[in-house]
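What follows is one structure encoded as structure tokens, with my remarks underneath.
Readers should treat all values here as calculations from the given coordinates under stated rules, not as data from a laboratory. Note that the structure is predicted; figures quoted are calculated from it, not measured. Ideal geometry is used to build each Cβ from the backbone, glycine not excepted, and the neighbour counts take in all protein chains shown.
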Amino acid sequence: MESENLLIAGMVALAVLIAAALAWMYMQRQRRAQLRERFGPEYDRALRETGSPQKATAMLEDRVRRVERLKLHSLSREQAEAFGREWNRIQAMFVDEPGPAVGAADRLVAEVMTARGYPVVDFDARAADLSVDHPRIVENYRAARAMALRGTRGEVATEELRQAVVNYRALFEDLLETGAERHRNMRRAS
């Protein structure tokens with residue numbers, strides 16, 4: 001009788017362990033699915049970079065925690081208008097001076113990031129921070145930056161420089177925050 005009770009207790013303990021392991025695996029899968037949904041192609045990039053779903057998940061969660069600690073804020077209407085005027089100047093500059101215009105677009109994006117509260121220490125950190133709130137645009141930013149750097153060495157054609165400006169513009173417009181994006185970030189800052 002006592003051996004039967006021990007056997008039953010062992011089976012119950014094993015069932016509890018199996019249930020706990022299954023629950024843990026399910027939660028991990030859900031976490032990864034949520035990150036994949038939130039980060040889109042940036043999740044896939046993190047997966048390629050780290051080589052494992054667990055490391056990619058940890059990397060992206062670290063980014064989220066880091067950005068949550070930043071004092072990000074919306075631009076004032078005056079700031080947004082001033083940055084918009086500068087963007088228009090850069091676009092006009094592109095006609096006669098495509099290389100310098102791309103460099104100016106890169107600097108303007110960094111200025112907008114600074115005005116919003118992002119630290120602009122180095123490019124990789126900027127891109128990682130941006131990926132939290134702008135995951136679908138950050139790859140364009142990386143591409144634009146790569147073309148801008150190649151442009152400083154005279155290694156790109158005018159069409160590639162035009163694409164760099166288009167990519168910078170997509171991020172620039174996102175950073176200016178209009179509509180729903182502004183409301184989402186204002187709620188987060190509260």
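Could you state the angle between the C-alpha long axis of helix 41-50 and the longest principal axis of the C-alpha atoms of the chain, as a value from 0 to 90 degrees rounded to the nearest 10?
Here the helix axis deviates by roughly 70 degrees.
Which one, (1) 19.5, 59; (2) 17.3, 64; (3) 23.4, 93, gives Rg and Dmax of the Cα atoms in Å as derived from the coordinates shown?
So the calculated entry is the one marked (3).
Using θ = phi - 60° and the Karplus curve 6.51 cos²θ - 1.76 cosθ + 1.60, what whole-Hz ³J(HN,Hα) does each residue of the range 145-160 get, with Gly and Pro shown as x?
5, 4, 5, 4, 5, 5, x, 5, 9, x, 9, 10, 7, 4, 4, 5
Quick one: which of 20-27, 117-124 comes out on top by average Cβ neighbours within 10 Å, and what's the full order, highest first?
Final packing ranking: 117-124, 20-27.
Measure out, as a whole number of angstrom, how far apart the alpha-carbon centroids of the range 33-71 and the range 90-114 sit.
29
With +1 on each Lys and Arg Cβ and -1 on each Asp and Glu Cβ, how big is the dipole of the chain about its Cα centre, in debye rounded to the nearest 20?
260
Note down the nm distance, to one decimal, between modelled labels 7 Å out along Cα→Cβ at Ala13 and at Asn88.
For Ala13 paired with Asn88, the spin-label model returns 7.6 nm.
About the Cα centre of the range 77-189, how large is the charge dipole given +1 on each Lys and Arg Cβ and -1 on each Asp and Glu Cβ? Please answer in debye to the nearest 20.
Around 300 debye, computed over the range 77-189.
Given the alpha-carbon gyration tensor of the range 2-69, what are the semi-axes of its equivalent ellipsoid in whole angstrom, ordered largest first, with each equal to the square root of 5 times an eigenvalue?
Calculated on Cα positions only, the semi-axes equal 38, 12, 9 Å.
Provide the per-residue ³J(HN,Hα) series for the range 29-40, in order, calculated from phi with Karplus coefficients 6.51, -1.76, 1.60 and θ = phi - 60°, each as a whole number of Hz, with x at glycine and proline positions.
Ordered by residue, 3J(HN,Hα) equals 4, 5, 4, 5, 5, 5, 5, 4, 5, 5, 8, x Hz.
Estimate the FRET efficiency between Gln54 and Asp96 by the formula 1/(1 + (r/R0)^6), using the beta-carbon distance for r and 45 Å for R0, to the nearest 0.05.
0.30
Which whole-number percent gives the relative contact order of the range 31-190, counting Cα pairs below 8 Å spaced six or more residues apart?
Reported as a whole number, the value is 28 percent.
Taking the Cβ-Cβ separation of Arg136 and Thr158 as r and a Förster radius of 41 Å, what is the calculated FRET efficiency to the nearest 0.05?
0.95
With only Lys, Arg, Asp and Glu charged, each at its Cβ (+1 for the first two, -1 for the last two), find how big the charge dipole of the range 109-156 is about the Cα centre; round to the nearest 20 debye.
140
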